[in-house]
Amino acid sequence: MNTSISVELPGKLIAVEGLDGSGKSTQLYLLKRWLELRGLKVFFTEWNSSVIVKKATSKGKKRQLLTPTTFSLIHCTDFSDRYEQQILPLLKAGYLVLCDRYVYTAFARDAVRGCSRSWLRNLYGFARHPDITFFFDTPLDIALDRILSGRPQLKYHEAGMDLGLSAVPYESFSLFQKRIYDEYLAMKDEFSFVSLDGTVSIEEQQAKVREIVGLKLDLPLYRWKTIT
Amino acid sequence: MKFYGEGLPGVDPVNLVGKLIVIEGADGSGRSTQMDLLKDCLEGQGHAIVNVGLRRSSLVSEELNEAKKGNVLGEITRSLFYATDFADQLENRIIPALKAGFIVLADRYIYTLMARDIVRGADRDWVHSIYGIALVPDLVIYLRVSPAQLVERNFRKKATLDYWEAGMDLGLSRDIFDSFMRYQKLIQKEFSLLQREYDFLVVNGNRSVRSISNEITAKVEGLLGI
């Protein structure tokens, strides 16, 4: 793609990846709090949250109109909307941008659905790579237990029902998550994930996250410049 | 049939027995007119026809129209919306019709989308890679009409030029007429490049409806072995 995605920007991009139930969202939230309480410029964004694309995504999911390719493209559109309107401008404005899920979620999920891995990497070629990508490596059974123990209603695409792995949503979900996990493992070196053990306590994990962030980034640089 | 690139997961082009005919050209180039005539001719001969076109996908068309009205889309997002629309049409309309042996008449295809994106600064390789999902048509007819004629025909249809077809978002000129002429020339230049790469049949659209349709019919009959 173009060279500008490797140009250094005033802000820094931190992403978390992992399975549902891996604990990544909890950890990212705690990181956000720590940075905010230190008076730093922080912005948080999560997967699948663009307002413009939301309607089309839910319409597609409801009517089961989505194929692997359109599913992938619509999520890429959602991501690019947030990227162009928020992530990139805020990085240019010197913010710490925290992303709950990043392009690697698409690389994993969409590949499990059958999309070509090289096509996916090309598709997301406009996006910068994070300065730090945390991968919360939680064993499948623990992650599944956290999600499924409340016996929640698993939605069709969430459970990967379109893949025909099983007619039973919970079983489908488990098989789906296993494949996603394998995709993550296969890519973690390619994208220099910082792997964290998702089985230790929340506090221990957060201490590690803060340590890594503190070492990698010169945090005082991201203080608010305007007086409030 | 085959795909331009990586294709679509789960779709084997060997099963697609119909024919895909694409008609490309700017607004006012005569696409709709020619498509109607071609459809009549082919249906008259007993072929089953399906029409497909841009931004008619049920998945994203509303949102895309809304967003275009409000000028709230970033460039990459805009491109991706169109790509999603295209992919949806390809999978839910074009491919099923081809599997069933229909002749699909496509009102525009990936070439207009790529030209629009590239003229707006999109990375050429990026655009090509995304549209690697597209099927290679059996025939692509490009109705090339001079910008001067396009302008006249657009005005004849309605007394204003469309903001997007005039490329006003590009800031080529503060004057919409001027902008239209410049933009259409840029698009045509891009089409010349695409034409060589993608092997279009370039039809001189500056002629009468009848003479254009005769040329098209002859080419299509040749394709179908009539």
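Every number in this text was worked out from the coordinates using simple rules, so none of it is lab data. None of the values given here were measured: they were computed from a predicted structure. Ideal geometry is used to build each Cβ from the backbone, glycine not excepted, and the neighbour counts take in all protein chains shown.
Can you give the mean number of other chain Cβ atoms that lie within 10 Å of the Cβ atoms in peptide A:112-123?
Across A:112-123, the average partner-chain Cβ count within 10 Å equals 4.
Which whole-Hz ³J(HN,Hα) couplings does the range A:122-139 yield from phi under the Karplus relation 6.51 cos²θ - 1.76 cosθ + 1.60, θ = phi - 60°, glycine and proline marked x?
For the range A:122-139, the Karplus-derived couplings read 5, 4, 8, x, 7, 8, 5, 8, x, 6, 9, 10, 8, 10, 8, 8, 10, x Hz, x marking Gly and Pro.
Residues of the range A:77-105 with the amide nitrogen closer than 19 Å to a label point 7 Å from the Cα of A:His129, along Cα-to-Cβ, please.
Output list for this probe position: A:88, A:97-105.
Amide H neighbours of B:Val50 under 5 Å, at least 5 residues apart or on other chains, H built in the peptide plane: list them.
Under 5 Å from the amide H of B:Val50 lie the amide H atoms of B:Ile103, B:Val104, B:Leu105, each far enough along the sequence or on another chain.
How far apart, in nm, are the 7 Å Cα→Cβ label points at A:Glu8 and A:Asp197?
Result: 3.4 nm between the two label points.
Peptide B:86-98: average number of partner chain Cβ atoms within 10 Å per residue?
Whole-number average of other-chain Cβ neighbours for B:86-98 is 3.
Give me the number: length gained by fully extending A:Glu211 to A:Gln153, i.e. 0.36 nm times residue separation minus the C-alpha to C-alpha distance, one decimal in nm.
Going from the current span to full extension adds 17.2 nm.
What order, most packed first, do the peptides A:33-41, A:109-117, B:105-113 have when packing is the mean number of other Cβ atoms within 10 Å of each residue?
Final packing ranking: B:105-113, A:109-117, A:33-41.
At a 10 Å Cβ-Cβ cut-off, how would you order B:Arg174, A:Arg82, fewest neighbours first?
Exposure proxy ranking, most exposed first: B:Arg174, A:Arg82.
Hey, what's the Cα Rg ratio for the protein assembly as shown versus the globular rule of thumb, 2.2 N^0.38 Å?
Against the empirical 2.2 N^0.38 Å value, I get 1.11 for the protein assembly as shown.
Would you tell me the mean number of C-beta atoms belonging to other protein chains that fall within 10 Å of each C-beta in A:77-85, as a whole number?
6
Would you mind checking the radius of gyration and Dmax of the range A:20-218 based on alpha-carbon positions, in Å?
When restricted to the Cα atoms of the range A:20-218, Rg and Dmax are 17.1, 51 Å.
Kindly state, to the nearest 0.05, the FRET efficiency for B:Glu152 paired with A:Leu140, given R0 = 51 Å and r defined as their beta-carbon distance.
With R0 = 51 Å, the Cβ-Cβ based efficiency is 0.20.
Could the peptides A:15-28, A:209-222 be put in order, highest first, of the mean number of other beta-carbon atoms found within 10 Å of their residues?
Those peptides, ordered most packed to least, come out A:15-28, A:209-222.
Given B:Lys157/B:Lys185; A:Lys55/B:Lys158; A:Lys188/A:Lys225; A:Lys55/A:Lys155, which pairs have Cα atoms separated by over 24 Å?
A:Lys55/B:Lys158; A:Lys188/A:Lys225
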